[in-house]
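The values are calculated or read from the model by the stated rules, or taken from the named source; none is laboratory data. Nothing here was measured: the structure is a model prediction, and the numbers come from that model. Note that each Cβ is placed from the backbone with ideal geometry, even for glycine, and that neighbours are counted across all protein chains shown. Remember, those area values only see protein heavy atoms, side chains included, never the ligands or the DNA or RNA. Shrake-Rupley method; radii C 1.70, N 1.55, O 1.52, S 1.80 Å.
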Amino acid sequence: FHISFPLYLVLTIHLEWFCVNSLSHDEEHIDLPNSFLTLELMGNGEINTKQLKGALKEKFPSLKLKIFDFAGDREYYSFHHMFLKSCALYVIVFNIAKLAEDNFENVNTDIERLQFWLESVCSHVPPKTPIFVVGTHRGDLDDLCMKIVNDRLKEKLWNSYCDELVVNDVDELIFFPVENSKGENDAGVQSLRIKVMSVAEERYAARECDIPLSWITIQDAIISLREKKKAKFCVTLEEFPTAFDRFICSNWSKETLKYFHEKGLVIYLDKDRDLSNWVLLKPEILVDIIIQLVTPPPQMIQERGFRRDWELLHDKGSLTKSLLTRIISTVQENEEAMTAFLEEYDLICPLSNNKVKMRSLYDDEEHQPTHFVPSLLPMSADGCIPTWHDNSTDKTFYVFFKRFLPEPLFHRLLSRAHKNSKLEFPNGPVVMFKDVAKFWMSPWQPYRLRLMKEEAIIEVTFSSR
């Protein structure tokens, strides 16, 4: 991170300079706006956040840095799609020293880890999105070692990602070797910084997106509002203009909110009927809810009246109304809107739909499961209910993925399939596991979805009886 955050700081300042200079020259006086930066951490690592913020505040007092740490747990993979944006640059970091140790004995395993993150990014963003591969801890490793590393990376990555990978022209490598301990004095850091600036400038020029100065003022107001712990962040379109202290937002439109949504500053889903009237001014609130769902604090699990609900969630992936209400209450926002945001991003999925009433499993309606969490469903090997009974008349076809089949994609597919299911309990219940599920297209037409991750295939089986 001695590398990552200085790069992003310089990039942000550079983009802000272009933004201000692209505005109308009729303005006689322009106050430089606060910069806002989101650094997404998608790997293993530790950060002294207090020290980092202190250093930034001292050197860049007007810069705001927000860090989203997604953690390394597999359960969190399903949530990355919320924050991967098409207009971003991506830096994937690996440890050169670790890759080269024991005479490159584990190099294939380490490169597979890099491939996972490359494909995770590529599966959510447009083709040719710039991705920098950075090797840290170069230390005293010589040029021969760099060449061996480069050859191994090129052998595994180049054919698949040549349109995305940014080449290190200075060292003639497809990655950027750096020594963290030297900070800005490291030649590798300097080379990487120059390349990041160059690529960012090219992408900025290609976008040709000038925005009104009033939008920057609104951006600053949103950023300032986030510093207030008791502020209201989930607001309606009617409430939005007056959501800020000592500032009335007047010169704005839905296009303003769409632009901020694409930048990751807010969440505004204008095409969704249930959510088109809502704006979430602090997207990381959804992260707070996710963290409590996946890894709740011990005191919350032991809270009286919710023990059975937590057990049901983490054993079966079923979420009760009472537990969902309890978790959302910790962020003190509108429960209906926050539930709709979670459903829209397929973080949770309703167990019932408007087409049919769900059969009650418990007499206590508050403890009735109302949603399931796809990433917390058990594996089929852990279940006692058979998903499917094979028959010689069944028809099967396969959906092949060219390079990569991420588990989170299958989890979202389960959510969408369940939402589109015609009936809940026609001739048998919907059966769902993390790797396989059965749904109904009609009372006489069941079908099965099965994840074949190693083969990068989703199997779809229809009953033709």
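Side notes on the structure shown:
- Inter-probe distance in nm under a simple model that places probes 7 Å from Cα toward Cβ, at residue 396 and residue 274: 3.5 nm
- For the range 101-171, the set of GluC sites (Glu not before Pro) satisfying both a DSSP loop assignment and a count of at most 13 other C-beta atoms within 10 Å is given as 105.
- Phi-based couplings in Hz for the range 120-125 (Karplus 6.51, -1.76, 1.60; Gly and Pro marked x): 4, 5, 5, 6, 10, 10
- Residues whose placed amide H lies under 5 Å from that of residue 319, excluding near-sequence neighbours: 370, 371, 372, 373
- For residue 179, the shell of other residues with beta-carbons less than 15 Å away shows a net charge of -2, using +1 for Lys and Arg and -1 for Asp and Glu.
- Here residue 92 sits with roughly 10 square angstrom of accessible surface, probe radius 1.4 Å.
- Stretching residue 444 away from residue 335 to a fully extended chain increases their span by 35.5 nm, per 0.36 nm per residue minus the current alpha-carbon distance.
- Per-residue SASA entry for residue 390, accessible area with 1.4 Å probe, Å² rounded to 10: 120 Å²
- Under 9 Å, Cβ to Cβ, from residue 189 - net charge with Lys/Arg +1 and Asp/Glu -1: -1
- Protein-only accessible surface at a 1.4 angstrom probe places the residues 93, 149 in the order 93, 149, largest first.
- For the range 383-413, the set of trypsin sites (Lys or Arg not before Pro) satisfying both a DSSP loop assignment and a count of at most 15 other C-beta atoms within 10 Å is given as 402, 403.
- Computed E for residue 325/residue 389 - FRET, C-beta separation, R0 30 angstrom, nearest 0.05: 0.20
- Along the axis of the charge dipole computed for the range 205-341 (Cβ charges of +1 for Lys and Arg, -1 for Asp and Glu, origin at the Cα centre), the listed residues 287, 341, 237 are led at the positive end by 287.
- Contour excess over end-to-end distance, with Cα ends at residue 455 and residue 151 and 0.36 nm allotted per residue: 106.8 nm
- The range 186-200 - phi-based ³J(HN,Hα) in whole Hz, Karplus 6.51/-1.76/1.60, Gly and Pro as x: 6, 4, x, 4, 5, 5, 5, 4, 4, 5, 4, 4, 5, 5, 4
- J(HN,Hα) series, the range 404-412, from Karplus relation 6.51 cos²θ - 1.76 cosθ + 1.60, nearest Hz, glycine and proline x: 7, 10, x, 3, x, 4, 5, 4, 5
- For residue 457, distant residues with modelled amide H under 5 Å away: 452
- Surrounding net charge for residue 277, when Lys and Arg each add one and Asp and Glu each subtract one, Cβ distance under 13 Å: -3
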